[in-house]
Amino acid sequence: MMNKVKLLFWNTRKTELPSAAVTRVFLDCLAARTAPFALTRNTRKTELPSAAVTRVFLAGLGARTARFALMLILFLLLQACSQKPVPVPETASPAAHSQARPPDTRPAIVAFGNSLTAGFGVEPGSGWPELMQKELDQNGYAYRVVNAGVSGDTTSGGLARLDSILEIKPKIVILELGGNDGLRGLPVASTRANLEEMIVALQGGGARVLLAGMTLPPNYGPAYISQFEKMYADLAARHKLTFMPLRLDKIGAPGESARLIQRDGIHPTAEGYRRLLPYLMKFLTPEL
């Protein structure tokens, strides 16, 4: 490259302006540093200036000035070719920093449920699993709470996710599923069978199961609601589970529902979750 530059320099006549070849050698040599030497502001970084652009530029300078400018350009070219590129220091990627964090080896409490567990409609960190983690930390309990809530999930969806829950090897599982089965009017027998299969698998994996009992809005009819509620109580008794009926309409005083329950009449507000936490902790604490 240096020989090319010198050859072009000595073969240039006094009145001859730089050709496109000179420009290309100049830009090829500078590589990434060519931008500061661009002859026009409208020239893209990847576009080489033509000989016409160079002639117009130098013609405006006058003959003597053009000769000086030509020598200056070639001098800068020789200087640029003699410089070595500055190496860019390597920096650690964010992934490397995250991998350096030690794993959380505390025994796991898995909140296995639907939108009531996922925290539908409230800010992240406002649901009961996150509030429960803070409560455990403040009281010196060395457990980690895993939020495995999925909005819209049914007991069939819970069965599909069961293997991923077992891989966590939880010590305690708070099972809160079945509400969406009831809202869809699915047969109670199929919901019961799915819940029972999950309970047996979780207990077989060494977990203690707390079963959240659900209810339904009045428009589903007393017969269906009665069968639905009884299903949870029967499963808890049969498998010797800690049973905690989850009646969201009972978490506050009469007249407070507008502040504690969202407009859908189903999901708690952030304040509703705060009110719900002491009720849940009453059932959880004896299992710790």
Filter result (buried (at least 18 other Cβ atoms within 10 Å of the Cβ) and not β-branched (Val, Ile, Thr)) within segment 258-274
LEU260, HIS267, PRO268, GLY272, TYR273
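A quick yes/no check of all residues on (1) among the small types (Gly, Ala, Ser); (2) more than 23 Å from GLY119 (Cα to Cα); (3) in the same structural domain as TYR141 (by TED's automatic domain parsing):
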| site | (1), (2), (3) |
| --- | --- |
| LYS171 | no, no, yes |
| GLY178 | yes, no, yes |
| VAL188 | no, yes, yes |
| VAL200 | no, yes, yes |
| ALA212 | yes, no, yes |
| TYR220 | no, yes, yes |
| ALA223 | yes, yes, yes |
For GLY140, state whether it is among the small types (Gly, Ala, Ser), closer than 20 Å to LEU284 by Cα and free of Cβ contacts under 8 Å to residues at least 12 places away in the same chain.
yes
More than 35 Å from the chain's Cα centre (by Cα) and under 26 Å from TYR143 (Cα atoms): is that true of ALA207 in this structure?
no
Only one of ASP163, ASP137, ASP153 is buried (at least 21 other Cβ atoms within 10 Å of the Cβ) and of a type in the set (Asp, Glu). Can you tell me which?
ASP153
Restricting segment 180-239 to residues that are at pLDDT below 95 and in a loop (DSSP other than H, G, I, E, B), the one farthest from GLU167 (Cα to Cα) turns out to be PRO217
Picked from segment 157-198 (must be in contact with a strand residue (DSSP E or B) (Cβ under 7 Å, 6 or more places away or on another chain) and among the hydrophobic types (A, V, I, L, M, F, W, C)), the residue nearest to ALA142 (Cα to Cα) is ILE172
Check off (1) surrounded by fewer than 16 Cβ atoms within 10 Å (Cβ to Cβ); (2) within 30 Å of the chain's Cα centre (by Cα) for LYS240 and give me the number that stays unchecked.
(2)
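The values are calculated or read from the model by the stated rules, or taken from the named source; none is laboratory data. Keep in mind that this is a model prediction, so the values were computed, not measured. Cβ coordinates were reconstructed from backbone atoms using ideal geometry, including for glycine residues, and neighbour counts include every protein chain displayed.
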